[in-house]
1. Can you give me the C-alpha center-to-center distance between segment 138-155 and segment 11-40, rounded to a whole angstrom?
2. Out of residues 5 or more away from Ser26 or on other chains, whose amide H comes under 5 Å of its own, with H placed 1.01 Å from N in the peptide plane?
3. Could you work out the equivalent-ellipsoid semi-axes for the chain, taking the square root of 5 times each eigenvalue of the Cα gyration tensor, largest first, in whole Å?
4. Mind checking the log10 I(q)/I(0) for segment 6-70 at q = 0.18 Å⁻¹? Debye, one equal scatterer per Cα, no solvent, two decimals.
5. Aspartates and glutamates within cross-link reach of Lys179: Cα-Cα under 17 Å, excluding same-chain residues under 8 positions apart?
6. Place a +1 charge on the Cβ of each Lys and Arg in segment 75-196 and a -1 charge on the Cβ of each Asp and Glu, then give the dipole magnitude about the Cα centre in debye, rounded to the nearest 20.
7. Pull up the cross-link candidates among the lysines for Lys137, meaning alpha carbon to alpha carbon under 21 Å and not fewer than 8 places away within one chain.
8. Amide H of Asp131: which non-local residues (sequence gap of 5 or more, or other chain) have their own amide H closer than 5 Å, using H built in the peptide plane?
Amino acid sequence: MRSKSSELMNKILKFAERYYLDNGHSPATSAIAAGLSISKATAYRYLIEMNDKGMVEYDGQEIHTAVTRKLNNEVNRTAIVGSIPCGGLEYEEENIEEYISLPTAIFGKGDFFILRAGGQSMIEAGIDDGDLVVVRKQNTAHEGDIIAALVDNQNTLKRFYKDEENKKIILHPENRRMKDIIVDECYIQGVACHIIKAL
């Protein structure tokens, strides 16, 4: 049996890693064959030999390398639902602009939506006009959390506090030039947990 070309082995290795990075899964032998202008049988025989040499792990279907084993492709499919005011209260119908994938390695697991911030009321919390705010869907919050709140069919993004003595809810802007919004009740749509912004 002829010895396998180490150059072709390295090409297959690099192709498999690049394919995995681009597509989130291993290439089939037909994809390797087409990408490297070799036959499917040659691709398969090389993968078996590369597995025996410890260059890859190949079970006849999946190819794993030192690089692909480090990748975490787990994501949350998350909707961008439009803008939310960071100023006064403003009516906002849920309007999904698009879906994006949030990697769980950064954002964690959960049910999220993304709001596009508008206005200046949260600038001292680092939330600027146009920033994307990742919100974990939940209807409870701790004091001091930044929440997406619905008050009288109007949405706003504010810091949440309770005034137990007066039985009121305080929606506090993070801008010292703006006043608190004090309400009897509000519906908590979620708690802000990350900001995505351009630098």
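1. After rounding, the separation between the Cα centres reads 48 Å.
2. Under 5 Å from the amide H of Ser26: Ile63.
3. Each semi-axis is the square root of five times an eigenvalue, giving 54, 14, 13 Å.
4. Evaluating at q = 0.18 Å⁻¹ gives log10 I(q)/I(0) of -0.53.
5. Cross-link targets: Glu90, Glu124, Asp163.
6. Taking the Cα centre of segment 75-196 as origin, the dipole is about 320 debye.
7. Lys109, Lys158, Lys162, Lys197
8. Ala117
Read-outs throughout are calculated quantities, based only on the coordinates presented, and are distinct from any laboratory measurement. It should be emphasised that the depicted structure is a prediction, and the values quoted were computed from it without experimental measurement. Here Cβ is always computed from backbone atoms with ideal geometry, including for glycine, and neighbour counts include all displayed protein chains.
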